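Enquirer: Okay, here's the structure, questions in a sec.
The values are calculated or read from the model by the stated rules, or taken from the named source; none is laboratory data. Just so it is clear, the model here is predicted, and its values are computed rather than measured. No Cβ is skipped: glycine too gets one built from the backbone with ideal geometry, and neighbour counts run over all protein chains shown.
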Amino acid sequence: MPGPKILGRKRSLSWPANSRSRARRFGFAILCVGAATALRLGLNPILGNSIPWMFYFPAVLLAAWYGRWSAGLTATGLSLLIVSFLWIAPQFASRSHGPESWISIFGFAACAIFMSALAELWHRAAASQADAQESLELERSFLDSTLASITDGFAVLDPDWRFIYLNEVGVHISRRAREELMGQKAWDLFPQLAGTEFETQLRLSRREAKPVQFEMAFPKIELWLEVRAYPVNESTALYVTDISGRQRAQFELARAQAQLAEHAATLERTVAERTTKLQDTVAELEKFSYTLSHDLRAPLRAMESFSTFVAEDYADKLDARGLDYLNRIRGAARRMDRLINDVLVYTRTSRAELKPEPVDLDQLARDIVSQYSTLKNSAPHIEIQSPLGHVLGNPTMLTQTLSNLLQNAVKFVQAGSTPDIRVWSERHGERVRLFVKDRGIGIPEMAQSKVFGMFQRAHEGTYEGTGIGLAIVKRAVERMNGAVGFQSALGAGSTFWIELPQALRESTRTER
């Protein structure tokens, strides 16, 4: 991977980059030629005019080595000029030299230029090599920083399975120091891997020249690795991911699932046991209901009947107090019978099997008003605002619910007042809310929180009742997947409502 390009790279000292550097280059050339001239003049008594170029070849070479091509040419020109006028006859003359002199001059010039060219080529080669080395170092540094930044282990094995590279994560995963790993064979350092799937997969990858991927577990050190091997020429690159955390999470998940399955099985057994107990309890309740409906009600009927017989047959033999006692016995028996009957209705409402079906609320309301004498007598004052719509529910439970609400609306009025009742419905999304509004005595605020409880009466002792009617309403509506509520104020009447799912067969209704 190529490294990033570095702008403004520093050049070597042998290649000046400004005017001051050029001045040093030419100055060094002049210095070299001057030194050569001084040495040659010093030896002039001994050498005379022979070997005039003796010290100028090294001068040109040094100038070219330091200042490259241009400095070498400068030293060459100065050397030619000085030697021509000082040592090549005729001295200090400008007339033409002989053939031998010209051969000497051209020979030196050619050699000097050749040495300058060689120096230039050497400098260029050295600069190119330095640039290449710098680029290589940059690329290596970039590669090292890239491999060091990854969060997984990376290693390279040479053809002899020796470690030639590891990043820091790879060193950490190996549980050894870098000095112990580099240059060592994998199978010597880790003999426990020899002959395992690790070695098999790596040799397969190298033999078939294709990448492989596998997992290895080391239970003793609680390490689980995912290994990917990539063949690179005759070497192998390893990419190692520590998946110990993931494996532990999967193990914990499997254990949790096993525990959950065990809990589910325990819960299923518990539910089965409790279902059996519940069935036994239901059976006992059914027996109790049978006892209530037959064994307990029969004595009450007998008490009422015999009290009536005594009052009719022995009325002339009883005083007023005795007749009052008999009437109280008959009233108590009738109240007890009604209470037992309401408890039976509540029990049936709680246990009855429900099969929801569309119910026409208009038809239901008309049937209830026509069948119940207490409502039929008040029919002129019961206003049913059709259409009420269709709901999903149980006809029997809906009849019980609506009749209880209507009979309460008729019963709880001021003495001497005529009941005034209005029935209507509204659609709330996919549900229908049926309202029953009266102008009766209302419910005291302190009693409003308990009106749907068993045996709870808002007007204790004033009006007859068992306190179960509204409990039956609430239980029946909830079993039909509905809701029930009311608004009331003492002396201002009450508005009760029940809400049930709308039946599909219902036609469009005007929303209020």
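Enquirer: All but one of (1) assigned by TED's automatic domain parsing to the domain that holds LEU157; (2) free of Cβ contacts under 8 Å to residues at least 12 places away in the same chain hold for LEU225; which doesn't?
Expert: The single condition LEU225 does not satisfy is (2).
Enquirer: Checking GLU100 against (1) modelled with pLDDT under 80; (2) surrounded by 14 or more Cβ atoms within 10 Å (Cβ to Cβ); (3) over 26 Å from GLN133 (Cβ atoms), only one condition comes out false. Which one?
Expert: Going through the list (1) modelled with pLDDT under 80; (2) surrounded by 14 or more Cβ atoms within 10 Å (Cβ to Cβ); (3) over 26 Å from GLN133 (Cβ atoms), GLU100 breaks only (2).
Enquirer: Only residues that are aliphatic (A, V, I, L, M) and at positive phi: list them for the stretch 477-491, please.
Expert: Matches in the stretch 477-491: none.
Enquirer: Of everything in the stretch 199-223, what is surrounded by 15 or more Cβ atoms within 10 Å (Cβ to Cβ) and β-branched (Val, Ile, Thr)? Give them in sequence order.
Expert: Listed by number, the list holds a single entry, VAL212.
Enquirer: Right, here's the next one. Among the strands (runs of 3 or more DSSP E) confined wholly to the stretch 152-251, which include 2 or more residues that are small (Gly, Ala, Ser) and within 35 Å of the chain's Cα centre (by Cα)?
Expert: Here the list reads 153-157.
Enquirer: Kindly evaluate PRO419 against the criterion of being over 30 Å from ARG301 (Cβ atoms), modelled with pLDDT under 80 and either buried (at least 18 other Cβ atoms within 10 Å of the Cβ) or in the same structural domain as GLU478 (by TED's automatic domain parsing) (or both).
Expert: Here the answer is no, as PRO419 does not meet what is asked.
Enquirer: Among the residues of the stretch 241-256, which ones are surrounded by 12 or more Cβ atoms within 10 Å (Cβ to Cβ) and among the small types (Gly, Ala, Ser)?
Expert: SER244 - this is the single residue of the stretch 241-256 that is surrounded by 12 or more Cβ atoms within 10 Å (Cβ to Cβ) and among the small types (Gly, Ala, Ser).
Enquirer: OK, next. Only residues that are in contact (Cβ under 8 Å) with a residue 40 or more places away in the chain and in contact with a helix residue (DSSP H, G or I) (Cβ under 8 Å, 6 or more places away or on another chain): list them for the stretch 151-160, please.
Expert: Those that are in contact (Cβ under 8 Å) with a residue 40 or more places away in the chain and in contact with a helix residue (DSSP H, G or I) (Cβ under 8 Å, 6 or more places away or on another chain): ASP152, GLY153, PHE154, ALA155, LEU157.
Enquirer: Out of curiosity, is VAL227 within 23 Å of ARG248 (Cα to Cα), at pLDDT 85 or above and surrounded by 15 or more Cβ atoms within 10 Å (Cβ to Cβ)?
Expert: Judged against the criteria, VAL227 is a match.
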